[in-house]
Amino acid sequence: MSFELTVLAWTLVLALVQVMLPAVLRNGETGIGYNAGPRDAPAPPPRKLTGRLMRAQSNLFETLPVFAAAILIAHVAGREGVMTHWGALIYIIARVIYLPLYAAGIPFLRSLVWAVSFIGIILVLIPII
């Protein structure tokens, strides 16, 4: 398996972590009964950390389809190389760093790290466009 596909697989692991973190916290906030039920009544608003983790998850899911598609296209087209290697690496490292920055509520640096992850996607796209 190529390096880029391996990074994509680890990015999917990160996505699962980002699904589970707010889910576990939210379960503690609303209780198992609420989460297992039909959720007909509105839940109380999430606590600060839970809300941040939910928003970080949403943010990952905005770019993950583009990243995944770019990696798969590069692989199928035989365009993997130095640019896709570094783009994939930059993307996942930035996304891993982004999560605790968002959870801690650190502004500006979090946005800078997001921009770095976006550059990673662009690096993957360059050889395939």
(request) Using 0.36 nm per residue of separation minus the Cα-Cα distance, give me the extension gain between F118 and I106 in nm, one decimal. (result) 2.5 nm
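Cβ neighbours within 10 Å, averaged per peptide: list 54-67, 36-49 in order, most packed at the top. Kindly include the intermediate steps, with their values, before the conclusion.
On the way: 54-67: 16.1, 36-49: 10.0.
With the highest mean Cβ count within 10 Å placed first, the list reads 54-67, 36-49.
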(request) Could you rank the peptides 110-120, 9-19 by their average count of other C-beta atoms within 10 Å per residue, with the highest value first? (result) 110-120, 9-19
(request) Report the full-extension gain for the segment A69 to V24: residue separation times 0.36 nm, less the Cα-Cα distance, to one decimal in nm. (result) 13.3 nm
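Can you compute the helix-only [θ] at 222 nm over the chain? Use -39500 (n - 2.57) per DSSP H run of at least 4 residues, normalise by all residues, nearest 500 deg cm²/dmol. Write down the numbers at each step before the final one.
On the way: 5 runs with 102 residues, N = 129.
Helix contribution divided over all residues of the chain: -27500 deg cm²/dmol.
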(request) Normalising by the residue count of the chain, find the relative contact order in percent from Cα pairs under 8 Å and 6+ residues apart. (result) 32 percent
(request) Report P(r) for segment 57-129: all Cα-Cα distances, bin width 5 Å, range 0 to the bin holding the largest distance, values in whole percent. (result) 3, 19, 28, 22, 14, 9, 4, 2, 0
(message) Given points 7 Å out from each Cα along the Cα-Cβ axis, report the E62 to I32 separation in nanometres with one decimal.
(response) 3.6 nm
(request) Would you compute the Debye intensity of segment 3-128 from its alpha-carbon atoms alone, equal scatterers and no solvent, and pass along log10 I(q)/I(0) at q = 0.11, 0.13 Å⁻¹ to two decimals? (result) -0.44, -0.58
(message) Can you compute the charge dipole magnitude of the chain about its Cα centre, using +1 on each Lys and Arg Cβ and -1 on each Asp and Glu Cβ, nothing else charged? Give it in debye, rounded to the nearest 20.
(response) 380 debye
(request) Sort out for me the Cα centre separation of segment 16-65 from segment 69-124, rounded to whole Å. (result) 24 Å
(request) Rank-order 92-101, 22-31 by packing density, defined as the average count of other C-beta atoms within 10 Å over each peptide's residues, highest first. (result) 92-101, 22-31
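A short reminder: the numbers here are calculations on the coordinates, not readings from a lab. Keep in mind the model is a prediction, meaning the values are calculated, not measured. Note that each Cβ is placed from the backbone with ideal geometry, even for glycine, and that neighbours are counted across all protein chains shown.
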